[in-house]
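No lab work stands behind these numbers, since they all come straight from the coordinates. Source: prediction; values computed, not measured. Backbone-built Cβ (ideal geometry, glycine too); neighbour counts: all protein chains shown.
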C-alpha cells in the first residue's frame with residue numbers, strides 16, 4: 001500500500017502552522033478574544049444550499065433520539081456568546097459540509113470566523129483587507145457592488161432583471177441540466193460561471209440581492225434598491241470569505257428559516273428544525289458585522305496551490 005502519505009507536503013504543513021500563528025497574532029494585537037464552540041450540535045442550519053453531516057448516537061434506541069450534527073460553521077454558537085456580552089470574538093475551527101468535494105472543497109475543512117460589535121460592513125471589509133495584508137502581503141483589494149459586477153460581465157442589473165431574462169442569459173452561458181430553477185438559482189449560476197472569472201484578482205463583491213440575504217440585514221442602497229448587506233471576498237478567482245452586517249431581528253430570521261424549510265421540502269431535501277436558542281439570543285446582541293473565511297483556501301492562495309489536497313494533511317478521501 002502506497003497511499004498512506006499526506007496529500008500536503010511538509011513545506012505546506014509548515015506554512016499552515018506559520019499562517020495559524022500569524023492569524024492569532026493579528027487578532028491578539030486587536031484585542032479580539034479567541035473562543036471555542038462545539039463541533040457536535042443539536043441543531044444545524046436551514047440553508048437550502050448546505051447539507052449537514054449527521055452523527056447517530058450509539059446509545060440511542062431506534063427512533064428514540066434525534067441525530068446530532070457536525071457544525072457547518074460556528075456561527076450560531078458564537079452569536080450566543082456575543083449575546084452574553086463577550087465583545088469582539090474569533091474562532092479557528094473545523095467545519096463540515098456534506099457533498100462538497102472538489103479541487104476547492106473537502107467535507108471537513110478549517111474555518112476562520114469572527115464578529116465585530118459596532119462595526120459596519122465597510123469597516124469589516126477594511127479589517128479583512130488588513131488580515132490579508134498581514135498574512136499574505138496583499139495590499140489593494142478592489143470593491144465592486146454585485147450590481148456593477150453583473151453589469152460589467154453581462155450587461156444587466158441583477159436586482160431588476162426578470163426571471164425570463166435571467167433564464168435566457170443562463171441558457172446562453174451555462175449548460176443547464178436542472179429544471180424549475182428560480183431567479184436566485186440563475187443568478188448563482190451566472191455568478192460562478194461568468195461573473196467570478198471576470199473579477200479582479202483580489203476583490204470584494206458587496207450588496208447582494210435581497211433573496212440572497214441569508215442572515216444579513218436588508219437595507220436600501222444608494223439607488224434606493226433593497227439589497228442584502230453582505231460581501232464576498234475573492235482571491236485569484238476563488239471565493240475566500242463571506243461577511244454580513246448581521247440581522248438581529250428574531251421575527252425576520254424566523255420567517256427566513258421558514259422559507260428555507262418550505263424550499264427544502266419542495267426540493268426533497270432533509271427537513272431541518274430551526275435553532276430556537278439562536279433566535280432567543282438575538283434580542284440580547286448589539287449591532288455587529290461578522291465574517292467566515294475559508295482558512296484552507298487562504299493557504300492555497302499563500303502557497304499558489306491549485307488543489308485543497310495540497311494544503312490539507314489528509315483530505316477525507318485519503319483517511
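What the table shows:
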item	result
For segment 170-319, alpha-carbon Rg and Dmax in angstrom	17.9, 51
Whole-number Å³ per residue for the convex hull built on Cα positions in segment 103-178	196
Segment 47-205 - convex hull of the alpha-carbon atoms, volume per residue in Å³	191
Least to most buried among 308, 56 (fewest other Cβ within 10 Å first)	56, 308
Kirkwood Rh, Cα atoms: Rg over Rh of segment 159-246	0.98
Largest to smallest principal axis extent of the C-alpha atoms in the chain, angstrom	51, 50, 47
More than 17 Å apart - percent of Cα-Cα pairs taken over segment 235-306	62
Kirkwood hydrodynamic radius (C-alpha pairs) into Stokes-Einstein, segment 22-122, 20 °C and 1.002 mPa s, D in µm²/s	139
Residues 27, 314 arranged by fewest to most Cβ contacts within 10 Å	314, 27
Distance from segment 90-166 to segment 169-235 (C-alpha centre basis), Å	11
Ranked by how many other beta carbons lie within 10 Å on average, peptides 68-75, 245-252, 193-200 from highest	68-75, 245-252, 193-200
Cβ-based exposure ranking for 81, 312, in which fewest neighbours within 10 Å come first	81, 312
